[in-house]
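Down below is the structure, laid out as structure tokens.
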Amino acid sequence: MKRFAIKPIAAACAIALGVASPLALAGKDEGGSSDVWAEASLTTTYTLNRHLNPFKIDTDVKNGVATLRGSVDSQVEKDLAEELALGVDGIKEVRNELKIAPDDDDRTAQRDDADVKDGEHRSFMQTVEDANLTAKVKSQLLWNSSTSGLAIDVDTRNAMVTLKGSVDSQAEAQLAEQIAKNTSDVRGVNNQLQVKGLPATAAGQIKQDAKAAGEAVSDGWITTKVKSALIYNRSVDGSDIDVDVKDGVVTLRGQIDSDYEGKQAVSIAQGIKGVKSVKSELKSS
């Protein structure tokens, strides 16, 4: 199972959630992930994960070693926090010092009772897989220049993705659904997105803010997002495609299986915020 951390670009969301802004993310070293980049990515991953409370987890990354402190409600959450940290680019080792301290309202018991009522008993690995699928879909919606990623809520249970929130058009709702369907390991999509249709809506304003933030991102940020989007997508073999970005112009190189795969790779790259144009030097076998 592939695991990747997400690094959203919208400044408004970053400030509201207490995570890294686009300018901070743009400071990533070209030769590899810095500790600052890795810590920002980890914080963002915890913030967007519905199973963890990011305000109760302190993270510190030095020389590729992540130290987790604070408290969680159960052993499962402690293990999940460690597993997600190991999936972050730039983190080689995790020191898990989290303490298990359920809240007074015993939220862990409430979750267990809800699962029993629903007749669902998900294994720890399924929980991790669902969390990573949520991160994959959410990140692609945030990166795409035509979707209001901040206004779309993503929930995953047993590899089934549910999309909720407000978008500006039916076309945007269909695009969000297709992005989720095209994500590797997703079994199905329940599209509950509501169409508002007015650019002055909150969703429209969020998309405008996200687009403005995306215009300021660095070539390094775009490279990471294009590469990740290619790897996440089930229609291309992203591991065989090299991505190079200069002044917002993306060049794709590598060996592909067909011309169709090449066209899909170009289309995926064109959809990423901040990309001005895409040059394909891909060769089909």
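The values are calculated or read from the model by the stated rules, or taken from the named source; none is laboratory data. Because the structure is predicted, anything quoted here is derived from the model rather than measured. Positions of Cβ are generated from backbone atoms using ideal geometry, with glycine treated the same way; all protein chains shown enter the neighbour counts.
Return yes when S277 is within 22 Å of L142 (Cα to Cα), modelled with pLDDT of 90 or more and surrounded by fewer than 16 Cβ atoms within 10 Å (Cβ to Cβ) and no when it is not.
Details: within 22 Å of L142 (Cα to Cα): yes; modelled with pLDDT of 90 or more: yes; surrounded by fewer than 16 Cβ atoms within 10 Å (Cβ to Cβ): yes.
So S277 passes the test.
If I filter the range 262-269 for residues that are closer than 18 Å to I179 by Cα, among the β-branched types (V, I, T) and at pLDDT 90 or above, do I get at least one hit?
Filtering the range 262-269 down to residues closer than 18 Å to I179 by Cα leaves 262-269.
This time we only want the ones that are among the β-branched types (V, I, T), so: 266, 268.
Next, from what is left, pick out any that are at pLDDT 90 or above: 266, 268.
The answer is yes; a qualifying residue exists.
State whether the residues of the range 232-244 include one that is modelled with pLDDT of 85 or more, among the basic types (K, R) and in contact with a helix residue (DSSP H, G or I) (Cβ under 8 Å, 6 or more places away or on another chain).
No; the residues of the range 232-244 include none that is modelled with pLDDT of 85 or more, among the basic types (K, R) and in contact with a helix residue (DSSP H, G or I) (Cβ under 8 Å, 6 or more places away or on another chain).
Specify the residue that is nearest to the chain's Cα centre (by Cα); the eligible residues are those in the range 26-51 that are crowded, with 20+ Cβ neighbours inside 10 Å, modelled with pLDDT under 80 and within 14 Å of E82 (Cα to Cα).
The selected residue is T45.
Hey, can you tell me all the residues within the range 243-258 that are touching a Gly at 6+ places or on another chain (Cβ under 7 Å) and either within 14 Å of I222 (Cβ to Cβ) or not assigned by TED's automatic domain parsing to the domain that holds T223 (or both)? I'd like the intermediate steps shown before the answer.
In the first step, residues of the range 243-258 are kept if they are touching a Gly at 6+ places or on another chain (Cβ under 7 Å); the result is 248, 256.
Correct list: G248 only.
Could you check, for the range 208-223, whether at least one of its residues is more than 19 Å from the chain's Cα centre (by Cα) and at pLDDT 85 or above?
no
Condition check ((1) surrounded by 15 or more Cβ atoms within 10 Å (Cβ to Cβ); (2) part of a helix (DSSP H, G or I); (3) among the polar types (S, T, N, Q); (4) modelled with pLDDT of 55 or more) across all residues:
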residue	(1), (2), (3), (4)
C13	yes, yes, no, no
T59	yes, no, yes, yes
G70	yes, no, no, yes
A81	yes, yes, no, yes
D89	yes, no, no, yes
R95	no, no, no, yes
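In the range 146-172, what residues are free of Cβ contacts under 8 Å to residues at least 40 places away in the same chain and of a type in the set (S, T, N, Q)? Before you say what the answer is, go through the steps one by one.
To start, the set of residues in the range 146-172 that are free of Cβ contacts under 8 Å to residues at least 40 places away in the same chain comprises 153-154, 156-172.
Within the range 146-172, T156, N158, T162, S166, S169, Q170 qualify.
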